[in-house]
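The values are calculated or read from the model by the stated rules, or taken from the named source; none is laboratory data. These numbers come from a predicted model, not from an experiment. Positions of Cβ are backbone-derived with ideal geometry, glycine not excepted, and every protein chain shown enters the neighbour counts.
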Amino acid sequence: MTLLFRDAHEAFSSGDFYKARELYEAAGKVFGEDTVKYNLYLCDKKLKEISEGKTNIGNGGVPTRYRAFKSKSVEIPKELKNYYNPPKSFPKGLALPEIKGLKNDYSHLEEHLQASNDVAVSIVVLTYNRTEPLKRTLAGILNQNYPKENIEVIVVDDGGKDNAIDVVREFSNKLDVKYVWHRDIGFTPAAARNNGVNVARNNFIILLDVDMYPSRELVNEYVKYSPVIDKTVLIGPRRYIDLNDVNSQFLIENSSYAEECDDVVTNNKVAGKISGTKSVDWRLEIFEKTDMLRNEKVPFRVFASGNVAFSRTQFLKVGKFDERFNSWGFEDTELAFRFFNAGLYMVPVLPALALHQEPLGGENETDRELGKQKSKTHFAEVCPYYRHLVDKKDNWEVPKVSIYIPAYNAENTILDAVESVLNQTFKDVEACICDDGSTDGTIALLEKYYKNNSRVRWVSQKNGGIGAASNTAVNLCRGIYIGQLDSDDYLAEDVVEKCVAEMDKDLGVGLVYTTYENEYDDGRIEQGYNYPVYLREKLVTAMIAHHFRMFRKLYWCRTEGFNERIKNAVDYDMYLKLSEVCNAKHLNIVGYRRRLHGNNTSIRNFSEQMKNTAIVVNDSLTRMGLDVKCSLEKHDGSALIFNEVKSD
């Protein structure tokens with residue numbers, strides 16, 4: 001009796017009223033109809049409400065029709081328990097290539113490095129009332145072992161009153177140097193640097209602080225990465241020296257002098273680490289322990305804007321420096337977070353050395369530690385990796401998780417989808433919707449119920465199909481993890497929490513997915529197909545990456561995104577692409593309910609779905625450099641067969 005009633009109660013609680021009714025009826029046959037009479041009444045009532053489309057009023061007065069449920073373990077059918085690796089359908093003797101570029105491993109890019117004297121670079125130098133260090137740093141740029149005609153220098157003055165423009169004039173006949181002045185409204189290096197990059201004419205950008213004297217090979221060493229600059233952020237180290245008694249003309253005449261100076265001890269505890277009788281760059285130890293950041297979980301934390309290089313194109317794409325940082329600290333780390341979240345690799349370039357010109361007495365004018373205390377609140381607000389800096393809360397400006405929802409004429413279900421996101425047990429989440437040219441009331445509903453909700457964001461565009469809508473929605477997402485939700489479906493209320501827990505364990509895992517249940521118009525709920533493990537080889541032969549799916553944005557950005565040229569098999573194509581750049585993990589839990597109504601893309605055009613399946617699998621095989629092609633079985637076109645490509 002206990003087991004029957006327990007199973008019936010669980011089915012009722014999860015919204016599976018058909019199954020609950022069957023179990024209560026079975027219990028009634030054993031223990032008497034009177035024992036289950038009320039339970040059957042409740043089941044019939046719920047099923048009637050479903051058939052009549054009755055709504056529930058949730059938080060904020062939002063009307064919904066979905067049946068909230070928690071994730072649950074799924075029973076694996078006997079025929080799937082003994083899976084094969086590789087699967088029987090996978091071509092015999094074929095081996096998939098090793099995944100390159102996992103985490104921050106940029107090794108595959110190094111084969112493209114090339115020394116060059118032809119790359120035009122723009123060096124942006126930030127200054128504020130530092131005339132003498134500015135002269136010395138410009139002298140260091142003049143001493144570069146690189147063609148001066150390919151170096152543009154932009155001196156950005158953050159509101160100083162020391163006539164830095166006179167220094168620029170002094171060097172204007174020796175260097176291609178520009179002067180940009182930023183009004184003094186407080187500590188605004190973020191805005192000042194943005195101004196400098198804005199006026200730069202070259203894509204290859206180098207940032208130097210005014211007190212960072214460049215070693216003679218700095219530009220040469222950075223420029224080697226020009227072939228991959230749109231995929232990397234370059235980080236140069238520093239040494240600490242004393243040049244206070246040295247003038248710029250002496251440095252020009254003695255170009256090796258600065259690099260031959262002894263290291264000194266800095267009292268700047270934020271930037272330097274004392275080792276014996278000298279200060280050393282605190283990042284060197286991290287480089288050594290993490291194989292030059294290849295194995296570092298948070299590689300962007302070592303990005304310091306005093307000596308770095310990056311692509312101007314990527315800088316503008318991720319949104320420049322955040323100008324709301326108005327005290328020292330974190331504005332550079334936060335920019336680097338956005339670079340990393342956009343899929344770029346953080347690469348230390350040790351020979352691109354800059355020499356930090358220590359101020360008199362070894363003290364900096366700015367109280368950096370106090371500045372960091374002020375900046376950390378905003379930093380934690382916009383960088384999910386650093387929530388630990390401040391007190392916990394549910395709602396952050398930049399969420400850790402974004403759920404993207406492509407929508408087209410979804411007025412009957414869009415509120416269910418959004419509410420299933422907002423009602424997650426994991427609260428650091430947002431819903432990002434792309435309305436793909438709806439002609440119904442989809443947008444009106446979003447405006448009515450979520451206009452003032454910062455956790456729900458949406459855009460509208462001309463109808464372009466599921467691929468275009470998905471790309472737009474993902475690009476709207478700000479989180480480090482991105483989940484997929486179709487506009488007519490809904491989530492288990494704890495599925496985000498469980499997927500995040502898996503993602504947090506390993507930066508190399510870029511995709512976590514669960515399994516799903518099918519929900520029919522009459523209220524029936526049935527278990528969807530569930531392959532019990534993730535195998536790359538199996539994914540090449542069949543779409544096993546079931547709903548619910550969550551992926552890291554950084555890996556998505558390392559792919560071409562969703563295919564906008566096909567109408568279906570779009571998701572399969574995307575998860576094949578992800579499987580080529582990251583590892584994946586399958587959770588054997590039901591985390592998603594998929595409403596089946598006959599208009600689902602994968603159901604409506606099955607034959608076209610299978611044709612596109614063959615296309616996207618062949619595209620994947622080509623990207624991996626494999627001489628194998630697949631085609632559809634001739635008798636009914638419902639399965640793939642693989643054949644080796646014969647060379648001429």
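Could you grab the pairs with beta carbons closer than 6 Å, sequence gap of 6+ or different chains, first residue in the stretch 312-324 and on the phi > 0 side of the Ramachandran plot, second one surrounded by 17 or more Cβ atoms within 10 Å (Cβ to Cβ)?
LYS320/ASN194
Which members of the stretch 455-473 meet the condition of being out of contact with any strand residue (DSSP E or B) (no Cβ under 8 Å at 6 or more places or on another chain) and part of a loop (DSSP other than H, G, I, E, B)?
If the condition is that a residue be out of contact with any strand residue (DSSP E or B) (no Cβ under 8 Å at 6 or more places or on another chain) and part of a loop (DSSP other than H, G, I, E, B), then LYS462, ASN463, GLY464, GLY465 are the ones that fit.
Among the residues in the stretch 26-41, are any over 20 Å from ARG593 (Cα atoms), at pLDDT 85 or above, more than 44 Å from the chain's Cα centre (by Cα) and aromatic (Phe, Trp, Tyr)?
No, that holds for no residue.
If you go through the stretch 170-188 one residue at a time, do you hit one that is in contact with a Leu (Cβ under 6 Å, 6 or more places away or on another chain), over 19 Å from ALA352 (Cα atoms), assigned to a helix (DSSP H, G or I) and modelled with pLDDT of 95 or more?
yes
Go through the stretch 69-157 and tell me which helices (runs of 4 or more DSSP H), entirely inside it, have 3 or more residues that are within 28 Å of LEU621 (Cβ to Cβ).
107-110
I'd like the full set of residues that are of a type in the set (Ser, Thr, Tyr) and either in contact with an Asp or Glu (Cβ under 9 Å, 6 or more places away or on another chain) or not assigned by TED's automatic domain parsing to the domain that holds SER226 (or both), limited to the stretch 108-141.
SER122, THR127, TYR128, THR131, THR137
Yes/no per residue for (1) surrounded by fewer than 24 Cβ atoms within 10 Å (Cβ to Cβ); (2) closer than 30 Å to ASP105 by Cβ:
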{"position": "LEU142", "(1), (2)": "yes, no"}
{"position": "LYS148", "(1), (2)": "yes, no"}
{"position": "VAL153", "(1), (2)": "no, no"}
{"position": "ARG169", "(1), (2)": "yes, no"}
{"position": "THR188", "(1), (2)": "yes, no"}
{"position": "ARG193", "(1), (2)": "no, yes"}
{"position": "LEU208", "(1), (2)": "no, yes"}
{"position": "VAL223", "(1), (2)": "no, yes"}
{"position": "ILE252", "(1), (2)": "yes, no"}
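How many residues does the stretch 48-95 contain that are of a type in the set (Asp, Glu) and modelled with pLDDT under 70?
So the count comes out to 2.
Suppose we keep only residues that are over 27 Å from the mean Cα position of the chain (by Cα) and among the aromatic types (Phe, Trp, Tyr) within the stretch 225-250. Which one would you say is surrounded by the fewest Cβ atoms within 10 Å (Cβ to Cβ)?
PHE250
From the list ASN85, ASN117, ASN104, which residue is of a type outside the set (Val, Ile, Thr) and surrounded by fewer than 12 Cβ atoms within 10 Å (Cβ to Cβ)?
ASN85
Can you confirm whether the stretch 372-383 contains a residue that is within 27 Å of LEU243 (Cβ to Cβ) and either of a type in the set (S, T, N, Q) or modelled with pLDDT under 95 (or both)?
Checked against the condition, which is being within 27 Å of LEU243 (Cβ to Cβ) and either of a type in the set (S, T, N, Q) or modelled with pLDDT under 95 (or both), the stretch 372-383 yields at least one hit.
When you go through VAL628, VAL645 one by one, which is the residue that is within 28 Å of LEU102 (Cα to Cα), at pLDDT below 95 and surrounded by fewer than 21 Cβ atoms within 10 Å (Cβ to Cβ)?
On inspection, the qualifying residue turns out to be VAL628.
Counting only residues that are at pLDDT 95 or above, give me the strands (runs of 3 or more DSSP E) lying completely in the stretch 483-587 with at least 2 of them.
Correct list: 509-520, 549-552.
Take the residues of the stretch 169-191 that are aliphatic (A, V, I, L, M) and touching a helix residue (DSSP H, G or I) at 6+ places or on another chain (Cβ under 8 Å): which is farthest from ILE154 (Cα to Cα)?
Ranking the candidates gives ALA190 first.
Using the structure shown, decide if LYS393 is charged (D, E, K, R), touching a residue at least 24 places away in the same chain (Cβ under 8 Å) and either in the same structural domain as THR188 (by TED's automatic domain parsing) or in a loop (DSSP other than H, G, I, E, B) (or both).
On the way: charged (D, E, K, R): yes; touching a residue at least 24 places away in the same chain (Cβ under 8 Å): no; either in the same structural domain as THR188 (by TED's automatic domain parsing) or in a loop (DSSP other than H, G, I, E, B) (or both): yes.
No, not satisfied.
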